[in-house]
Number of protein chains: 2
Amino acid sequence: MITHIGLDDIEDLAIGSAFLGTGGGGDPYLGSLLCREAIGRYGPAPLIDVAQLADDAAVFGAAAMGAPTVMIEKLFSIEDQDRAVRSLERFLGRSASAIISLEIGGCNSMMPVAYAALRGLPIVDADGMGRAFPQLQMTSFNIAGVRCAPMTLADEHGNVILFETEDGRKAEEFARPVVAAMGAAGCMSCYPMTGAQVRRASVPGTLTAAIEIGRAVAGKQYAGRPPVERLLAALCDQPLYGDARCVFEGKITSVERVTRDGWVFGTCRIEALGGAGTATVVFQNENLSVTVDGELRCIVPDLLTIVDSETAHAIPTERLTYGQRVSVVACAAPPQLTTEAALPIVGPKGFGLTETYAPLASLSG
Amino acid sequence: MITHIGLDDIEDLAIGSAFLGTGGGGDPYLGSLLCREAIGRYGPAPLIDVAQLADDAAVFGAAAMGAPTVMIEKLFSIEDQDRAVRSLERFLGRSASAIISLEIGGCNSMMPVAYAALRGLPIVDADGMGRAFPQLQMTSFNIAGVRCAPMTLADEHGNVILFETEDGRKAEEFARPVVAAMGAAGCMSCYPMTGAQVRRASVPGTLTAAIEIGRAVAGKQYAGRPPVERLLAALCDQPLYGDARCVFEGKITSVERVTRDGWVFGTCRIEALGGAGTATVVFQNENLSVTVDGELRCIVPDLLTIVDSETAHAIPTERLTYGQRVSVVACAAPPQLTTEAALPIVGPKGFGLTETYAPLASLSG
């Protein structure tokens, strides 16, 4: 059982959360630099199970918001995250007793750990997505009825904006253009919760899961097997993600990518090496669906990640390029994301897709 | 001396502030409805001179923000203004002892009066523009070094956004897209000041000036003279606005208007009735400049208002239409707006115009 996230865990966490980021959430390498610096300076971040939280604990969500293509060039600073959380603490008149990740994907699984280390606060072994999603209302917190607001957003010039909105969709609607005006990147704190709410509304165990997935990909587990097989084995051994499989393998033959309104929209085409079959992955910051020769093989909220076939390292959507040899790995979303209440928010409809959600288990592999 | 703004003053204030609105600030008729209702229900709003303010008085700026074309269809409510001010009071931990208008133009000179009546607070006989301007940083407050933030913005759905920005330009940059997301209209509170700051940083006497201009246009003063002459006489008798003149008279022959990013940009062409000469008025929410046959006759920050030739009532930019018989009336801006510190903010450069500011007195009439 992992009780602290220390320097040795950072690489594993980065690798694992890159996979769970399903192509989005920003480059975890950048997040890992932040994490390394913070843990090096302030010591390991205590990892706390949701069961250990006091009912009235004050848990503050932390995350970066922006377009991954911009995050590559504009590194977040932990000071921005601090400004966001402290502004929210001041507004609520209570101090954080723990930090929770909004999403266990890419940069956004790392920053909260770095920030918890800075504050000497525990980081909760849970998050609000069990993966990454591109919008603020797309959380298990929101699905369970927890309010996103009050929410704060901070930029690197010391500007802080506080949103008191009716719901997460409105917070998203108002914050997104502000992030664009901030140069397409900012740090936020939102979904302030009690410990009891975290237990009811989060996806638990995801930080541990990310680290274990990372250890497998790095070869510290399941030694002797090829990387993609190790990744699949780690996923199958997780209680949270089911039906893990490789749905396609081949070479990227085209990537179309547009940055618009602070998001990255695009399509990636992959051809089988033998020439038999083409896979098409559609993404909006994160990968949303994959079809193989027109047949649906996985669709959001189930997880879909394009990994390097040789290393099993996830490739974020902003780093997909022509010629890469890749495997498209899918696994089932945590059960919180596929309920009747969840699907309108995080299912195909939530992304404006016309397809109906079909559980991974019901699709051919 | 006016000590209260009562039901009898509303029409005069609306007429006068429509003129001082220089085409912008929203339709004062809508503001006057709000004012009439509030004063009818809560009684007259005490009008307080800047000299009467205690040095440590807590004065809160109030205004609506949005595109005038939208304000026609979407009436502001005093509850939205209340939410904005009370959120700022909560954030600052102090209660307002007086309300001040951000701009003495159109809707924005009326809403603060209505709101002061609702709260039973005095409204300061001053504002931050001495006219209307389209952006938050374009105030005498900002020119004098008073911070725009913290600032709050409220919509009709109960959403409130609080901005803690480094300066007024940033507040403008972040708030404008939020207003667009709010459906292009919201109410705000900003430039919280002490009484001492108000004395140093405001344009004093503008509410009284607006009422006196309105009385003249309505024929309660300077009886027997034609309306446009009465308007000019009232302006000449004001200590605040100099060099009042009618720079052109004619018929509107074209209006081009684009609503973009929450603003209304456009051009209005007016031809002399005898056919000799054409005037071109350029506007961004407010009128910015007028040329007659290519020769500059008035440019921002000096005031420029298109009035109905028969009634001398100001025509807001969103109501300019083909065929109207109009007079283009200009007068000099209050001295606070034409200093070396002021011109980069509220002069031609502040609007992206290439012309250099030329005081009205230096231009042919």
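The values are calculated or read from the model by the stated rules, or taken from the named source; none is laboratory data. Quantities reported herein were computed from a predicted structural model and do not represent experimental measurements. Glycine gets a Cβ as well: all are built from the backbone with ideal geometry, and neighbour counts include every protein chain shown. Ligands, DNA and RNA are stripped out before the accessible areas are found, and what is left, the full protein with its side chains, is counted by its heavy atoms. Shrake-Rupley method; radii C 1.70, N 1.55, O 1.52, S 1.80 Å.
What the table shows:
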{"item": "Residue A:223 open to solvent by 30 Å² or more (accessible area, probe 1.4 Å) and without any contact (Cβ under 8 Å) to a residue 60 or more places away in the chain", "result": "yes"}
{"item": "Evaluation of residue A:101 against (1) more than 20 Å from residue A:338 (Cβ to Cβ); (2) surrounded by fewer than 21 Cβ atoms within 10 Å (Cβ to Cβ); (3) more than 9 Å from every other protein chain (Cβ to nearest Cβ); (4) among the small types (Gly, Ala, Ser) (one fails), failing number", "result": "(2)"}
{"item": "Answer residue from the range A:226-247, given it is in a strand (DSSP E or B) and open to solvent by 20 Å² or more (accessible area, probe 1.4 Å) and is nearest to residue A:292 (Cα to Cα) among those", "result": "A:246"}
{"item": "Residue count, the range B:176-202 (criterion: within 11 Å of residue B:65 (Cβ to Cβ) and either in a helix (DSSP H, G or I) or within 11 Å of chain A (Cβ to nearest Cβ) (or both))", "result": "6"}
{"item": "Failed item, numbered, when residue B:37 is tested on (1) more than 20 Å from the chain's Cα centre (by Cα); (2) buried (at least 20 other Cβ atoms within 10 Å of the Cβ)", "result": "(2)"}
{"item": "Filter pass, residue A:128 being at pLDDT 95 or above and open to solvent by less than 10 Å² (accessible area, probe 1.4 Å)", "result": "yes"}
{"item": "Whichever residue in the range A:255-291 is out of contact with any Cys (no Cβ under 9 Å at 6 or more places or on another chain) and aromatic (Phe, Trp, Tyr) and, among such residues, is most open to solvent (accessible area, probe 1.4 Å)", "result": "A:265"}
{"item": "Residue that is at pLDDT below 95, part of a strand (DSSP E or B) and charged (D, E, K, R), where the choices are A:257, A:269, A:297", "result": "A:257"}
{"item": "Hey, residue A:156 closer than 21 Å to residue A:81 by Cα, touching a residue at least 40 places away in the same chain (Cβ under 8 Å) and open to solvent by 30 Å² or more (accessible area, probe 1.4 Å) or not", "result": "yes"}
{"item": "Residue check, residue B:139 hydroxyl-bearing (Ser, Thr, Tyr), crowded, with 24+ Cβ neighbours inside 10 Å and farther than 27 Å from residue B:303 by Cα", "result": "no"}
{"item": "Matching residues in the range B:244-261 - criterion: being out of contact with any strand residue (DSSP E or B) (no Cβ under 9 Å at 6 or more places or on another chain) and on the phi < 0 side of the Ramachandran plot", "result": "B:260"}
{"item": "Residue within the range A:95-115 that is free of Cβ contacts under 8 Å to residues at least 40 places away in the same chain and either of a type outside the set (Ser, Thr, Tyr) or closer than 17 Å to residue A:154 by Cβ (or both) present", "result": "yes"}
{"item": "Breaking point among (1) assigned to a strand (DSSP E or B); (2) in contact (Cβ under 8 Å) with a residue 60 or more places away in the chain, for residue B:211", "result": "(1)"}
{"item": "Output for the range A:139-153, where each listed residue is over 27 Å from residue A:19 (Cα atoms) and within 14 Å of chain B (Cβ to nearest Cβ)", "result": "A:147, A:149, A:150, A:151, A:152"}
{"item": "Total residues in the range B:313-365, condition in contact with a Gly (Cβ under 9 Å, 6 or more places away or on another chain), closer than 19 Å to residue B:264 by Cβ and either assigned to a loop (DSSP other than H, G, I, E, B) or aromatic (Phe, Trp, Tyr) (or both)", "result": "4"}
{"item": "Residue B:136 within 14 Å of chain A (Cβ to nearest Cβ) and modelled with pLDDT of 90 or more", "result": "yes"}
{"item": "The range B:1-20 - residue that is of a type in the set (Asp, Glu) and more than 18 Å from residue B:227 (Cβ to Cβ) and, of those, surrounded by the fewest Cβ atoms within 10 Å (Cβ to Cβ)", "result": "B:8"}
{"item": "Filter result (under 19 Å from residue B:241 (Cβ atoms) and under 22 Å from the mean Cα position of the chain (by Cα)) within the range B:349-364", "result": "B:357, B:358, B:359, B:360"}
{"item": "Filter result for residue B:106 (touching a strand residue (DSSP E or B) at 6+ places or on another chain (Cβ under 7 Å), at pLDDT below 95 and buried (at least 18 other Cβ atoms within 10 Å of the Cβ))", "result": "no"}
{"item": "Residue within the range A:148-166 that is of a type in the set (Ser, Thr, Tyr), out of contact with any Cys (no Cβ under 6 Å at 6 or more places or on another chain) and not in a loop (DSSP other than H, G, I, E, B) present", "result": "yes"}
{"item": "Residue count, the range B:319-339 (criterion: more than 23 Å from residue B:137 (Cα to Cα), under 20 Å from the mean Cα position of the chain (by Cα) and open to solvent by 20 Å² or more (accessible area, probe 1.4 Å))", "result": "1"}
{"item": "Residues satisfying the stated conditions in the range A:161-175, i.e. at the interface with chain B (Cβ under 8 Å from one of its Cβ atoms) and surrounded by fewer than 24 Cβ atoms within 10 Å (Cβ to Cβ)", "result": "A:164, A:166, A:170, A:173"}
